[in-house]
Every structure is written in structure tokens, then in C-alpha cells.
Amino acid sequence: MDYATAGDLVATFGRAWETFDGDLVVSLFTETAEYHEDPFEPPLIGHNAIRAYWLDAAKSQDQVEFTTERHWVSGDTILAACHASYVERPSGDRVRMKAFFTFEMENGRIRRFREWWHGRRTPVGRTGEGSDGG
């Protein structure tokens, strides 16, 4: 996996999140991929589980913005530091996140994905520097 191809994959992953495009997201994964959303829980396995997870997120997130801060490639593994934000439904609160992702690849598709993130919420009506604790 070269650096440019890895960057394109991470950007496409972000675009799939921003649009909640179930077809696009599953196209990035192998049929039997593992999606580790929580390091303490069993992974989601396969396209159907991954699509269901993303469509469920679409019910509670709106106006998603995703950017990659930096990514690295080591063999068939992509590491990415990213930022995201979204408006939470139904509260309208803005959630900002910093995340670190690992994409373990197989033949150009993700076979194992792991995410670690931390978020801050800004309640509706609060503005100004530091209002969300960050």
C-alpha cells in the first residue's frame, strides 16, 4: 500500500461517514471484515453488520465533517489521526472528536478496522472559545 493510495482510502472512509453512504462504506471492506468500534466488545463482522452500524449512526448524527490530520503506512496497515464533528440528533448539540484509526488491508480492502476516539459536546446555544471544555 503506497502513501497516496492510503490517503485516498482514509478520505473515502471520511466521505462515507459524512454522507452515511452504506454502499460506499461496505465497498471499502472485505466481505468478512472485522470492525472494532469498541476495544472491550466483540467486533462487528461483515458487510451487513457494518452497514447496519453506519445506518444506525445516521439516525443520531447530522452535518458530519471529517478531516485527516495525518496518516502513515506500514506494510498493509494504515494508521490515521483524524478529526470529526457532527450535530447530535435530537439535542442539536455539536460533538467534536479526535480519533485514531487503524486499517489492516487485504487486496486493497479493509479486513480489520479499529477506532479509538474521544469527544467533546457543545450544548445548543453555547458559543465561544472553551465552551466545550476543549
Region 38-45 - phi-based ³J(HN,Hα) in whole Hz, Karplus 6.51/-1.76/1.60, Gly and Pro as x:
10, x, 9, 10, x, x, 6, 10
Helix 46-60: inclination vs the chain longest Cα principal axis, degrees, rounded to 10, gives 10
Which far-off residues, 5 or more places away or on another chain, put their amide H under 5 Å from the one on residue 30, with H placed in the peptide plane?
110, 111
Structure-based [θ]222 nm, the chain - -39500 (n - 2.57) summed over DSSP H runs of at least 4, per residue, nearest 500
-9000 deg cm²/dmol
Phi-derived 3J(HN,Hα) across region 65-81 with the Karplus relation (6.51, -1.76, 1.60, θ = phi - 60°), rounded Hz, x for Gly and Pro, is 10, 10, 9, 9, 6, 6, 9, 9, 10, 9, x, 9, 10, 10, 10, 9, 9
Which angle from 0 to 90°, rounded to the nearest 10, does the C-alpha axis of helix 3-19 make with the longest principal axis of the chain?
50
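Bear in mind that the values in this text are calculations on the coordinates, not laboratory data. Everything quoted here is computed from the prediction, not taken from an experiment.
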